[in-house]
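To keep things clear, I will list the structure first and then write my remarks on it.
The values are calculated or read from the model by the stated rules, or taken from the named source; none is laboratory data. Model, not experiment: these values are computed from the prediction. For neighbour counting, all protein chains shown are included, and Cβ atoms are generated from backbone atoms with ideal geometry for every residue, glycine included. These area figures cover heavy atoms from the full protein model, side chains too; ligands, DNA and RNA do not enter into them. Shrake-Rupley method; radii C 1.70, N 1.55, O 1.52, S 1.80 Å.
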Amino acid sequence: MIFNYLYPMKKNNSFIIFVIVFITMLSSCTKSIETYDEFSGRIRYSSKISNLEGQIGIEKVVLNWINPEDKIAKKIRIEYGDNLFIETESMVSTYTIKDLTSGGGYKFTVYTVDEYGNKSIGSDIFLVPYNKLYVDSFIDGVTTTKPTSQVEDDNLIVKWDNLLGNAFLRYTGVIDFSYTYNNETISGRLDNGNIDKEIISISDVSEPVSIDLEYTMYYYPIINNTLIMDTISKTEKIKVVVDYPKDNILEKIDHSKCVQLTNIPFDNTSQHNSDYSFYKMFDDNINSIWISARPDNDPIKGGNAQNNYEYPLSFSIDLGKETILSALEFTGWEDYSQAPKKFEIWGTNEILTGKPNSYWETTIPGEWQNDWKKLATCDTDNFNRPSIRYDINTEKQKVRYIRLLVHEIYKIEVQWGGVYIRIAIGEMNFYRQPGMISSIIY
């Protein structure tokens, strides 16, 4: 009897234990699923967010995530720090939290919240934003990418190369700058998104000068191999010095671009014959010669019929581009026979059209001289040298077109006899001061 009594009790205990274990497991599973029912009232709670990510800044973070699609959640709750929290008014998927001054970092937990105030299961991320004083100290100690400079066609170019090579600063493509040149202060901003290279160009730098340039570049700091999302600025000052090279050796201009102007009245616009073409003055061969035209009906006087075969003879040249001439040099023909002895050099950047012939007269100074710049008056008695060189354009005026008025030639008589008022030149070279160079004082 005792045995029979105890046996059923033992059987019932096992069943009770089984029920308790089953209920415990069910409860545990229920709490772990993202969408579940409360046994009282059977309320369905909203699902949790996914893909929680964070970016750190200076005393702030930006959180990003993906919201669930069940439409039950109505807003977002973010808990962090010591009982700090944020609740949004709608279902946002990104949020910026500022004023994070704790050096130890923060655990951020993001929940969805339904219309009854019930929270979903949270998603966590731990982030350590940087303190502003620390970032300022870090930036002060970082070496920035330094610019270089050069002068190109009277433009001063200040440029930064390989900005992406800086391991601590990522350039944003924005730079503010200011400088004073010709008593004028110029300020500007470049915002072209050039993150690897940047250029500041200062135009019309045609003489030695020293320019103080201040610039502010904007960067994303890179600390501990982490790109900080906040931009910081760093202001620096440099002095750019522009001058001619110390040796100051003159440069020969590119004569391949030099051509004769043939549309100016009173000029000797043709050669004596095809063997003495005008271009032979610029072919780098002193043995090929240009000889100006002379009228066949008057071999004694020669010269320009429009000038009544009188001085000054004239001819004009297009240099191909504006430049500051500094010297003219020529070689002669047959011991400088008929080479220019006394002559004037005039220059301009524009040939005026639609003018009457009288505008271009040379025997009586024409009106054209009011519009051109006189670069030099040249005269020499020393023809006993391989070439003759004249310094011209002391005021360093920039010109493209040259007109020479020849008032006297060296020798009228030639070896086979005859007297001809014409010009003979073996080679003509124009020189300019060497291109200026620049350097930067940091």
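Using a Förster radius of 51 Å, what is the FRET efficiency between Leu164 and Lys71 based on their Cβ-Cβ separation? Nearest 0.05, please.
The calculated FRET efficiency here is 0.70.
Against the longest principal axis of the chain, how steep is helix 2-32, in degrees 0 to 90 to the nearest 10, with axes from Cα atoms?
Computed tilt is about 20 degrees.
May I ask you to give the percent of accessible area on the chain that is carbon plus sulfur, with a probe radius of 1.4 Å?
So the carbon and sulfur contribution to the accessible surface is 49 percent.
Measuring from a point 7 Å past the Cα of Asn357 along Cα-to-C-beta, which residues in the stretch 251-275 have an amide N at less than 19 Å?
261-271
Note the full-extension length gain between Thr96 and Ile440 as 0.36 nm times their separation in residues minus their Cα-Cα distance, in nm to one decimal. Walk me through the intermediate numbers first.
Numbers: separation 344, 0.36 × 344 = 123.84 nm, distance 4.24 nm.
Here the segment from Thr96 to Ile440 would lengthen by 119.6 nm.
Set the Förster radius R0 to 45 Å, insert the Cβ-Cβ distance between Asn182 and Ser274 as r into 1/(1 + (r/R0)^6), and round the FRET efficiency to 0.05.
After rounding, the FRET efficiency stands at 0.35.
Rank by packing, highest mean first: peptides 356-368, 424-436, with packing defined as the count of other Cβ atoms within 10 Å averaged across residues.
Numbers: 356-368: 15.2, 424-436: 19.6.
In decreasing order of mean packing, 356-368, 424-436 become 424-436, 356-368.
Rounded, prolate or oblate: which fits the stretch 158-214 when a ≥ b ≥ c are the square roots of the eigenvalues of the alpha-carbon gyration tensor, with rounded for a/c under 1.5 and prolate only if a/b beats b/c?
It is prolate, given that a/c is not under 1.5 and a/b is the larger ratio.
Counting helices only, and only those DSSP H runs with n ≥ 4, report the 222 nm mean residue ellipticity of the chain as the sum of -39,500 (n - 2.57) divided by its residues, in deg cm²/dmol to the nearest 500. Let's see the in-between values first.
Details: 2 runs with 40 residues, N = 442.
That comes out to -3000 deg cm²/dmol.
Averaged per residue, what accessible surface does the chain expose to a 1.4 Å probe, in Å²? Walk me through the numbers on the way to the answer.
Working: 24580 Å² over 442 residues.
With all protein chains present, the chain gives 56 Å² per residue.
On the first, second and third principal axes, largest extent first, how far apart are the outermost C-alpha atoms of the chain in Å?
Over the chain, Cα extents along the principal axes are 166, 40, 39 Å.
Using a ≥ b ≥ c from the Cα gyration tensor of the stretch 65-128 (square roots of the eigenvalues), is it rounded, prolate or oblate, where a/c under 1.5 gives rounded and otherwise the larger of a/b and b/c decides, a/b for prolate?
Prolate, because a/c is 1.5 or more and a/b exceeds b/c.
Taking R0 as 22 Å, what FRET efficiency do you get between Ile125 and Thr88 from their Cβ-Cβ distance, rounded to the nearest 0.05?
The formula returns an efficiency of 0.80 here.
Straight-line reach from Lys98: which lysines have Cα under 18 Å away, leaving out those fewer than 8 places along the same chain?
Filter leaves Lys60, Lys107, Lys132.
Along Cα→Cβ, 7 Å out, is where each label goes; now give me the distance between the ones at Asp212 and Glu322 in nm to one decimal.
Label at Asp212, label at Glu322, 3.0 nm between them.
Considering all alpha-carbon pairs of the stretch 291-392, what whole percent are spaced by more than 22 angstrom?
Across the stretch 291-392, Cα pairs with separations above 22 Å total 42 percent.
Determine which lysines satisfy two conditions relative to Lys373: a Cα distance under 24 Å, and not lying fewer than 8 residues away in the same chain.
Those lysines meeting the cut-off are Lys252, Lys257, Lys321, Lys341, Lys342, Lys355, Lys396, Lys398.
Per residue and in cubic angstrom, what volume does the convex hull of the Cα atoms of the stretch 197-275 have?
For the stretch 197-275, the hull spanned by Cα atoms encloses 285 Å³ per residue.
Only sites in a loop by DSSP and with at most 16 other Cβ atoms within 10 Å count here; which trypsin sites (Lys or Arg not before Pro) in the stretch 240-269 make the cut?
Those satisfying the criteria are Lys246.
Assign one of three labels to the stretch 328-442, namely rounded, prolate or oblate, based on the Cα gyration tensor with a ≥ b ≥ c the square roots of its eigenvalues; rounded applies when a/c is under 1.5, prolate when it is not and a/b is larger than b/c, and oblate otherwise.
oblate
Who wins for biggest fluctuation among Gly103, Gly320, Gly354 in a Gaussian network model of the chain, springs between alpha carbons below 10 Å?
Between Gly103, Gly320, Gly354, it is Gly354 that shows the largest mean-square fluctuation.
For Lys374, list the aspartates and glutamates whose Cα falls under 14 Å from its own Cα; do not include residues on the same chain fewer than 8 positions away.
Partners within reach: Glu344, Asp391, Glu395.
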